[in-house]
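Below you'll find the structure, written out as structure tokens, and then a few comments.
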Amino acid sequence: MDMSQYLEIFIEESKEHLQGLNQSLLQLEKNPQDVPILNEIFRVAHTLKGMAGTMGFNKMAKLTHDMENVLHALRNNEIKVNTNLVDILFKCLDALENYVNEVVTKGAEGNEEYSEIIKGLDAILNKKDAIDAAKDVAKSDVVENMANEQGEKAGIQHITSNFKMNHYEHNLINKAVDMNLNVFKIVVVLNKGCVLKSARAFIIFQTLERHGEIIKSEPRVEDIEDEKFDFEFTVVVISKRDAESFQKELMAISEVDDVIISTIHVNESEDIDEIKSEVQEVSTEAHQEESNHDIEEHQKTQVSKNNIKTGKTVRVDIDRLDVLMNLVSELIIIKTRLEGLDEIERNQNYNEVIEYFERVTTNLHDAVMKVRMVPIETVFNRFPRMLRDVSRSLNKEIILNMSGEDTELDRTVIDEIGDPLIHLLRNSADHGIESLDKRREVGKPDAGQINLRAYQDGNNVVIEVEDDGKGIDLEKVKKKAIDRGFINKDAAKNLSQKDIIDFLFKPSFSTSDAITDLSGRGVGLDVVKTKIETLGGMVEVDTEAGRGSKFIIRLPLTLAIIQALLVQINTEKYALPLNTIREIIKVKPEDIKQVQKQEIILLRNTIVPIIRIGECLDVPPSDNQNKLLTVVVVKKGEKLSGFLVDNLIGQHEIVIKSLGKLLAGIKTIAGATILGDGNVALILDVNSLAV
Amino acid sequence: MAEAVLNTMQFVVFVLSDEEYGLDIQMVNTIEKMVPITRVPKTPSFIKGVINLRGDIVPIMDLTERFGLTKTEETEETRIIIVKFEDIQMGIIVDEVKEVIYINEEQIESTTSLTKEGLMENVLGAGKVDNRVITLLNIEKLVNISVKE
């Protein structure tokens, strides 16, 4: 059977599941007793196994299977959650991820078997007996007290049964009692005339399972299925319901002669394998209430878990979105065109149509933008896991606080923002947060804090990575900059804090003395900066010695539609992104002065270099006889430049289009847009034109 | 007959400074009337600029400039042929689009003897149809240029 058509779905879903597992596992590590999470992990792992098996990825299925065994043991309380165990499970996830990646690139799962991980899993399973015994001893005391207490409260007759229980059932009952659930022993006696005993038993089992969990039956289920029993069988059920309702419901089933229900309490027994059970005919009110309360809480957590899961993604082909985007851009073009006709036809109806049309385009624009928007959560999700690994390998205790995960960004930005953020987080963990000894020395809490925040600020999205570590050592950076020859000693004296920090973003600049696995090679921050800038954003740094540092990333909400100023140079029209423009001034030709072969003007006592855009773009010089020259002052980072243009046309909302593969290499042009008259205007790349 | 069809290709025939050229019809997207072209700075002279093709920005090439042919005036007949090779779309300015013809493989002759240097590597061969010689262009080579500053 040809599976290739399912491959894509398999890959997408596996990735999603693995991400989910990573998150759940982190939570489990924090709350080892959280049963719903454990169940969730188990469920997802099981799904993964099934998927891998169906696709014929046997090694992957084998690994998930072994993982599932461990999870099963966990769920049955045979082993306990500890760091070692979580480590191995994480390794499993990494291995599975590798399998998936292998599938992505080669279409097959590869040959790696990760036998070490499998061995690790086996070892955990083998060890469980020892752990088990220890735990049981500890537990039995508690159980004894509780059983006595409850026995007294209820003041009920005791019946000792010689029902044999093994470890597993023993533990389950313990657990159920801990959770204030009822444990019943139910003896069902069938009518002697019953022909299809097994079918009848099946109905009874089903009824019981609707309200609880059957943990044991006597004779065994298989035997009951084979009708290898007389007319009576015994089951042990854990449920939140009381005995009476079971009694009623079971008696309602035809051919059932009698139902004897007794409540089991766990008692300490000399032999762990044999448990004497206590019977309680009527549950006390208090007990009921308590258990109800407990169940409610249980359900609440379940509900909140469900909420997390409902954030399902809709996968939309980005090509289709681009088509949609194209349509919208055409609508905007038509809108602009109609606006131009306004002077000729001043008809009331016409204006109404325009208004309506404008509303439609605005709505359409918003709608399309929303489809393209993805919550930043999809990027943030993988950070807790990453930071856990980092903090362990650095031997530092680090708490990651994230906020604003629901902040939305354009899909194209989302895809690119992950790596820079990983760099920054690792940087904070490695360079920022001090070692444990150092933190104690300066009186900070043991655990270092890294705050990852995202929020919308006007047309920008701001992402902050903040740590409470030692901050950036400006003197050290300065010294390094001098050593590296970026600047000479005298000039270094006059540097502002900002100038010094800028050195950090230079290629191959690292202040960490030791090169670690994580960072210190100095390839981090310059990459971060370049990446963010190609996305149209910028990075700022805030630091205070001893208090920590904060990296602030500003990104445009979208890359597709921007406000721009249209300018004219000779007969050609160019667009300048409005957010790069500081101001527009008129100057007399004689105000332009020469300093070291560079034309400049003085703008409120600041030197602003003048760039004759026309010359940069090989536009034939115009015979512009204006007495005043128009200078558009743009900012590149903090520095200003003045672009000399012939004419201003006005502010427009423009749709950015790529020049295509063929012309992508032209630095001075950031893209193109289509004007109201259907002609193309080029968008200038301010960063590469400015000095 | 069936065999003949297999070996037959369809070509769009156009005129460029009084010579006839052909483009494989599989690669031709549309034929457009002349529209204003926006010049793009820092490009080779044979790139005339870009146009708006129903919302797409498409670069336009002037083959007379590329092949070093005599330039011709823009007339009513001037067209832009939009070709597409893989994911690169490009427009070619031609003096006139004449027809679509079938050319059998046997009618195509290799053209190592062509004198114009710029032309040679961009040519598949010469198609001989009823006393006409049509220079068949290799679109892959034509669009395979990279423009960098």
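The values are calculated or read from the model by the stated rules, or taken from the named source; none is laboratory data. Remember, predicted model here, so these are calculated numbers, not experimental data. For neighbour counting, all protein chains shown are included, and Cβ atoms are generated from backbone atoms with ideal geometry for every residue, glycine included.
Starting from residues that are surrounded by 20 or more Cβ atoms within 10 Å (Cβ to Cβ) and touching a Lys or Arg at 6+ places or on another chain (Cβ under 8 Å), keep the ones in segment A:182-198 and report whichever is nearest to residue A:244 (Cα to Cα).
A:182
Looking at segment A:636-658, which of its residues are over 24 Å from residue A:602 (Cβ atoms), crowded, with 18+ Cβ neighbours inside 10 Å and over 34 Å from the mean Cα position of the chain (by Cα)?
Listed by number, the list holds a single entry, A:652.
What residue, of A:483, A:415, A:473, is surrounded by fewer than 21 Cβ atoms within 10 Å (Cβ to Cβ) and within 30 Å of residue A:322 (Cβ to Cβ)? So that I can check it myself, show each step before the final result.
Details: A:483 fails: within 30 Å of residue A:322 (Cβ to Cβ); A:473 fails: within 30 Å of residue A:322 (Cβ to Cβ).
Being surrounded by fewer than 21 Cβ atoms within 10 Å (Cβ to Cβ) and within 30 Å of residue A:322 (Cβ to Cβ) holds for just one of A:483, A:415, A:473, which is A:415.
Could you check residue A:641 against (1) at the interface with chain B (Cβ under 9 Å from one of its Cβ atoms); (2) over 19 Å from residue A:334 (Cα atoms); (3) hydroxyl-bearing (Ser, Thr, Tyr) and say which number it fails?
So the condition that residue A:641 fails would be (1).
Of all residues in segment A:658-691, which are more than 7 Å from chain B (Cβ to nearest Cβ) and β-branched (Val, Ile, Thr)?
Correct list: A:673, A:683, A:686, A:691.
Which of (1) under 18 Å from the mean Cα position of the chain (by Cα); (2) within 14 Å of chain A (Cβ to nearest Cβ); (3) surrounded by 15 or more Cβ atoms within 10 Å (Cβ to Cβ) is the odd one out, the single condition residue B:12 does not satisfy?
(2)
For segment B:54-86, which positions are among the hydrophobic types (A, V, I, L, M, F, W, C) and more than 8 Å from chain A (Cβ to nearest Cβ)? Explain how you work it out, then say what you get.
Residues of segment B:54-86 among the hydrophobic types (A, V, I, L, M, F, W, C): B:57-58, B:60-61, B:63, B:67, B:69, B:80-83, B:85.
Within segment B:54-86, B:60, B:61, B:63, B:67, B:69, B:80, B:81, B:82, B:83, B:85 qualify.
Residues are listed down the side, and each one gets a yes or a no for (1) over 14 Å from the mean Cα position of the chain (by Cα); (2) surrounded by fewer than 18 Cβ atoms within 10 Å (Cβ to Cβ); (3) at pLDDT below 85:
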| site | (1), (2), (3) |
| --- | --- |
| B:57 | yes, no, no |
| B:66 | no, no, yes |
| B:70 | yes, yes, yes |
| B:75 | yes, yes, no |
| B:78 | no, yes, no |
| B:84 | no, yes, no |
| B:89 | no, no, no |
| B:95 | no, no, no |
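Say whether the condition of being at negative phi and within 14 Å of chain A (Cβ to nearest Cβ) is met by at least one residue in segment B:91-99.
Yes, the conditions are met somewhere in segment B:91-99.
Show the residue pairs meeting these rules: Cβ distance below 6 Å; 6+ apart or different chains; first residue within segment B:79-102 and in contact (Cβ under 8 Å) with a residue 60 or more places away in the chain; second residue part of a strand (DSSP E or B) and aromatic (Phe, Trp, Tyr).
Correct list of pairs: B:94/B:14; B:97/B:14; B:101/B:11.
Please state which one of A:606, A:668 is in contact (Cβ under 8 Å) with a residue 12 or more places away in the chain and within 26 Å of residue B:144 (Cβ to Cβ). Before the answer, list the steps.
Values: A:606 fails: within 26 Å of residue B:144 (Cβ to Cβ).
The unique qualifying residue is A:668.
So which helices (runs of 4 or more DSSP H) stay within segment A:17-110 end to end and still have 2 or more residues that are over 22 Å from residue A:124 (Cβ atoms)?
Helices (runs of 4 or more DSSP H) meeting the threshold: A:35-55, A:83-106.
Tally the residues that are part of a loop (DSSP other than H, G, I, E, B), under 30 Å from residue A:505 (Cβ atoms) and of a type in the set (Gly, Ala, Ser), restricting the search to segment A:628-680. Don't jump to the end; show me each part of the working.
Going residue by residue through segment A:628-680, those that are part of a loop (DSSP other than H, G, I, E, B) are A:628, A:637-638, A:646, A:656, A:658-660, A:664, A:666-668, A:675-679.
Now restrict to residues that are under 30 Å from residue A:505 (Cβ atoms): A:637-638, A:656, A:658-659, A:664, A:666-668.
Applying the additional criterion that residues be of a type in the set (Gly, Ala, Ser) yields A:637, A:658, A:664.
Total meeting the criteria: 3.
Do you know which residues across segment B:28-53 are crowded, with 18+ Cβ neighbours inside 10 Å, touching a Lys or Arg at 6+ places or on another chain (Cβ under 6 Å) and away from chain A (no Cβ under 13 Å)?
The answer is none; no residue qualifies.
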